[in-house]
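Written below as structure tokens is the structure these notes are about.
The values are calculated or read from the model by the stated rules, or taken from the named source; none is laboratory data. Computed from a prediction, not measured in an experiment: that's the story for all the values here. Please note: Cβ atoms are built from the backbone with ideal geometry, for glycine as well, and neighbour counts cover all protein chains shown. We work out accessible area using only protein heavy atoms, side chains counted, and drop any ligands, DNA or RNA first. Shrake-Rupley method; radii C 1.70, N 1.55, O 1.52, S 1.80 Å.
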Amino acid sequence: MKAKKNILIFTDWYLPAYKAGGPVKSVSALVYYLKDEFNFYIITGNKDLFATEPHKGIKSNEWNILPNGEQVFYFSDDFISFKNLRTVVEKITYDTVYLNSFFSKRFTIYPLLLKKLGAIKKPMLIAPRGMLSSGALNLKAKKKNTFIGLAKLSSLYKNVIWHATSTQEETDIKNIFGAKTTAYKISNLTLPPIKSRTGYDKNVDGLKICCVARISKVKNILFALAVLQTIKTGTIAFDLYGPAEEADYFKLCTELAAKLPNNITVNFKGDLQGDEVEQTLKNYHLFLLPTLNENFGHAIVEAMLNGCIPLISDTTPWRNLQAQNIGWDISLAEKEKFAAAINEVLQLSQTEFEQKSKAVQQYALTNCIDGGAIEGYKSLFNSL
């Protein structure tokens, strides 16, 4: 029997973390689908995004075995250092290294330096997770562009292999690091819903909208609220689930929410536990996320899998939705089209909504669960 290859993954957050969203889901789905083919060793932090206390039920600064067989080393803030990271890495055997971020000091820069010093000799993959898109780079642009310039001058990313999850991300990578850069395009993996949606209650002139995302500039929540400000008819509830990433931005959002017409109610619901997402999404008609950029958009995919009609920007891989009659992906320069889409869903009857919702679910099941990605990852890891 052929021995399994060992994959060593560095990531800022891993299960039971959930607030970081996509990066956690990307790696956990990778482990779930490939656990029979590969052994996974994951080095990460011991706290969730924005958390002050360590995860419950894990042992910090030692290896833990999780339900899918992955072995996870949870570093505490007071223990992680370049020296300690090197010590942990040198004690395990691995065939490939996978970095689940671009800018992370501890879980990307440190491993890259280990490679540069010769302490890591195995092939190294890096997944930038949308961080090299124009939308992401425009936020804190000076700091990010300075880092990229210095990294290129020092050849920090020399001889790494890039993992892009979309054609656009592959283009972004090569625009920065050169056309000859080695980049493999394989879509993210996502898990299917545990149960299919069964409830489709919907009244004409009534609409329940949700958004599952961090309250941050990159998710463009202010834009969503500004769109709702233009809608004067119907009864609309807009519920937002996710942590407030930036206090000043959150304040602007709450102030604008308070100024919306009386027919619209906005609720900032706070964090949504990972195991609560599926059932929560099944209670809504429309998923609204005018994001500046998503390299995959796990929240969008989960919303579609659970029957929410997507109303998103055209800065994600999920395009041409309107042509397929399953939602909208609209340019951020066309705010009025976002409002028109909301009004269209507002007027749907229960029968019309159920028909459209089921079409959305079928699209997601067909296009978002695998699409050849599982075999793509197997081929990639085996080839290295």
Can you name the residue in segment 184-216 that is buried (at least 19 other Cβ atoms within 10 Å of the Cβ) and of a type in the set (Gly, Ala, Ser) and is also farthest from GLU245 (Cα to Cα) among such residues?
-> SER187
Which numbered condition LEU114 fails, given (1) over 24 Å from TRP162 (Cα atoms); (2) buried (at least 18 other Cβ atoms within 10 Å of the Cβ); (3) over 21 Å from the mean Cα position of the chain (by Cα) | (1)
Of the numbered conditions (1) touching a Gly at 6+ places or on another chain (Cβ under 9 Å); (2) open to solvent by less than 20 Å² (accessible area, probe 1.4 Å), ASN39 fails exactly one; give the number of that condition.
-> (2)
Note on segment 235-249: residues aliphatic (A, V, I, L, M) and open to solvent by 20 Å² or more (accessible area, probe 1.4 Å) are ALA237, ALA244, ALA247
Name every residue in segment 343-384 that is part of a helix (DSSP H, G or I), open to solvent by less than 60 Å² (accessible area, probe 1.4 Å) and under 20 Å from LEU305 (Cα atoms), in order of residue number.
-> VAL345, PHE353, GLU354, LYS356, SER357, ALA359, VAL360, GLN361, TYR363, ALA364, ALA373, ILE374
Matching option when the condition is touching an Asp or Glu at 6+ places or on another chain (Cβ under 7 Å) and either open to solvent by 10 Å² or more (accessible area, probe 1.4 Å) or β-branched (Val, Ile, Thr) (or both), among VAL72, VAL31 = VAL31
Give the residues of segment 175-195 that are in a loop (DSSP other than H, G, I, E, B), touching a strand residue (DSSP E or B) at 6+ places or on another chain (Cβ under 9 Å) and closer than 22 Å to LEU137 by Cβ, sorted by residue number.
-> THR181, THR182
Please find, among SER28, SER76, SER60, SER81, the residue that is under 27 Å from ILE215 (Cβ atoms) and of a type in the set (Gly, Ala, Ser).
-> SER28
Please state which one of ILE65, ILE92, ILE80 is in contact with a Phe, Trp or Tyr (Cβ under 7 Å, 6 or more places away or on another chain) and at pLDDT 95 or above.
-> ILE92
Check LYS47 against each of (1) in contact with a Pro (Cβ under 7 Å, 6 or more places away or on another chain); (2) closer than 19 Å to HIS163 by Cα and name the one condition it does not meet.
-> (2)
Any idea which residue in segment 75-100 is nearest to the chain's Cα centre (by Cα), counting only those that are polar (S, T, N, Q) and open to solvent by less than 10 Å² (accessible area, probe 1.4 Å)?
-> ASN100
Unmet criterion (only one of (1) under 16 Å from ASN220 (Cβ atoms); (2) out of contact with any Phe, Trp or Tyr (no Cβ under 9 Å at 6 or more places or on another chain); (3) open to solvent by 20 Å² or more (accessible area, probe 1.4 Å); (4) not β-branched (Val, Ile, Thr)) for GLU294 = (2)
Those residues of segment 79-105 which are in contact with an Asp or Glu (Cβ under 9 Å, 6 or more places away or on another chain) and over 18 Å from LEU150 (Cβ atoms), in sequence order = ASN100
Using the structure shown, decide if LYS174 is in contact with a Phe, Trp or Tyr (Cβ under 9 Å, 6 or more places away or on another chain), more than 30 Å from THR233 (Cβ to Cβ), open to solvent by 50 Å² or more (accessible area, probe 1.4 Å) and modelled with pLDDT of 90 or more.
-> yes
Could you list all residues from segment 23-60 that are within 19 Å of LYS105 (Cα to Cα), of a type outside the set (A, V, I, L, M) and part of a helix (DSSP H, G or I)?
-> PRO23
Of all the residues that make up segment 231-277, how many are more than 21 Å from ASN306 (Cα to Cα) and part of a loop (DSSP other than H, G, I, E, B)?
-> 12
Any chance segment 297-312 includes a residue that's surrounded by fewer than 21 Cβ atoms within 10 Å (Cβ to Cβ) and either at pLDDT below 95 or in contact with an Asp or Glu (Cβ under 7 Å, 6 or more places away or on another chain) (or both)?
-> no
Per-region count, segment 119-164, residues modelled with pLDDT of 95 or more and at positive phi | 0
So ALA340 clears everything in (1) free of Cβ contacts under 8 Å to residues at least 40 places away in the same chain; (2) outside any helix (DSSP H, G or I) except one condition, right? Which one?
-> (2)
